[in-house]
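Each remark here refers to the structure printed beneath this line.
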Amino acid sequence: VFAPIGGFRAVSQAFLSLAKENGVKIEFNAAVTGVSDTGVYCKKAHSSDKSPETKGSAEDTFVEADLVIINADVPYAAKSLISSSDAPVKTKLTEKIDWDDSYDYSSGVIAFHWSVDKRLDGLNTHNVFLSAKNRSDAEQSWNALRRDAKQRPIKDQAFSFENMDPFNFYVHRAPQTDPTASPDDCDSIMVLVPTDVLVREDANAKLPKAIAIEKYKAQFSDDFIDTVKKSVLTRLSVIESLAGLKNHILDEVVDTPASYADMYNLGAGATFGLSHGFGQLSLTRPSAAFFEKSHKNIMCVGASSRPGNGVPLVLIGAKSVAQMAIERLK
């Protein structure tokens, strides 16, 4: 296993450098609000303009294209980006967050990113904490992920962190393989706790994205997140070097399905995209030409399209789509 020095951000930075070397023009501070067969609608922020009139404002822009490749999550793109030809321009230039909730999604996660003031040598690079005292605990530990067809928790299998119900989580300790991830006498870890995804609300689909995201964030309250944190710290305290870890946390960043939906345009805030059930596997998963029936010049790529989620599969899919795009444009 090879771990990139500098984390996966270093991988994206490497792709950025390679793209620039090959003459690719990249627009930053531009939010894509709509996609059509002829190009992309977006709002370009006036980040470099210091005048009071335009500071913080955005310019409505349409960028013509012979072919559009969407790497935002497919269920999100289907509801939030794909524009019909007769849709009002104002609609195409409104940033929103919505998704197709008819799919089965992978788990959501609450992620704790902790910088600590001591070494955590009791951890390896990858650490999985499973509840497996007995068969009952092992089965109950997955209740946090069991949902009905509308992605809502199943009532008779309600899960509670407050009651210390069995649950599973993962811890990544980057400094074990990447010395740049923390100072020599400190450490940094990421804790991923599987949880529900966002429950789609019809009313939020009509709101500007920023307002809708705030409403979705309320599905994971501060009190709930604090309870999850306490539960994780309690479980970690059985490792001698992690006892009293709370007192050594210097900095904390917390992500939920809502923040992942906000940052990465993920349907339902599902970190790993669509699940890999039989109905969404291989040929039954959205293809690169998923939108082809209504939009001949739009292709898609990413974790919710073929061949599937996870870094290796996504990169395989990206290479395949790039090759198809080259053939299309010849």
Q) Of the residues in the stretch 99-124, how many are out of contact with any Asp or Glu (no Cβ under 9 Å at 6 or more places or on another chain) and of a type in the set (Asp, Glu)? A) 3
Q. Residues of the stretch 296-327 being under 15 Å from Asp37 (Cα atoms) and buried (at least 19 other Cβ atoms within 10 Å of the Cβ), which ones?
A. Ile298, Met299, Cys300
Q. Got a number for residues in the stretch 2-29 being over 28 Å from Glu59 (Cβ atoms), open to solvent by 90 Å² or more (accessible area, probe 1.4 Å) and part of a loop (DSSP other than H, G, I, E, B)?
A. 2
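Out of curiosity, is Glu64 over 17 Å from Val197 (Cβ atoms), in contact with a Lys or Arg (Cβ under 7 Å, 6 or more places away or on another chain) and surrounded by fewer than 18 Cβ atoms within 10 Å (Cβ to Cβ)?
Details: over 17 Å from Val197 (Cβ atoms): yes; in contact with a Lys or Arg (Cβ under 7 Å, 6 or more places away or on another chain): no; surrounded by fewer than 18 Cβ atoms within 10 Å (Cβ to Cβ): yes.
For Glu64, the condition - over 17 Å from Val197 (Cβ atoms), in contact with a Lys or Arg (Cβ under 7 Å, 6 or more places away or on another chain) and surrounded by fewer than 18 Cβ atoms within 10 Å (Cβ to Cβ) - is not met.
How many residues does the stretch 190-228 hold that are of a type in the set (D, E, K, R), open to solvent by less than 50 Å² (accessible area, probe 1.4 Å) and outside any helix (DSSP H, G or I)?
Count: 2.
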Q | Thr54, sole failed condition from (1) modelled with pLDDT of 95 or more; (2) among the β-branched types (Val, Ile, Thr); (3) assigned to a loop (DSSP other than H, G, I, E, B) | A | (1)
Q | Sole residue being over 25 Å from Ile326 (Cβ atoms), open to solvent by 30 Å² or more (accessible area, probe 1.4 Å) and either part of a loop (DSSP other than H, G, I, E, B) or touching a residue at least 24 places away in the same chain (Cβ under 8 Å) (or both), chosen from Phe290, Phe272 | A | Phe272
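At pLDDT 90 or above, part of a loop (DSSP other than H, G, I, E, B) and exposed (fewer than 13 other Cβ atoms within 10 Å of the Cβ) - does that describe any residue in the stretch 244-255? Show your work before the answer.
From the stretch 244-255, those at pLDDT 90 or above are 244-255; that's our starting set.
Cutting the leftovers down to part of a loop (DSSP other than H, G, I, E, B) gives us 244.
Pick out the ones that are also exposed (fewer than 13 other Cβ atoms within 10 Å of the Cβ) and you get 244.
Checking the stretch 244-255: at least one residue is at pLDDT 90 or above, part of a loop (DSSP other than H, G, I, E, B) and exposed (fewer than 13 other Cβ atoms within 10 Å of the Cβ).
The values are calculated or read from the model by the stated rules, or taken from the named source; none is laboratory data. This is a predicted model, so every value here is computed, not measured. Neighbour counts run over all protein chains shown; Cβ positions are idealised from the backbone, glycine included. Just the protein is used for accessible areas: all its heavy atoms, side chains included, with ligands, DNA and RNA removed. Shrake-Rupley method; radii C 1.70, N 1.55, O 1.52, S 1.80 Å.
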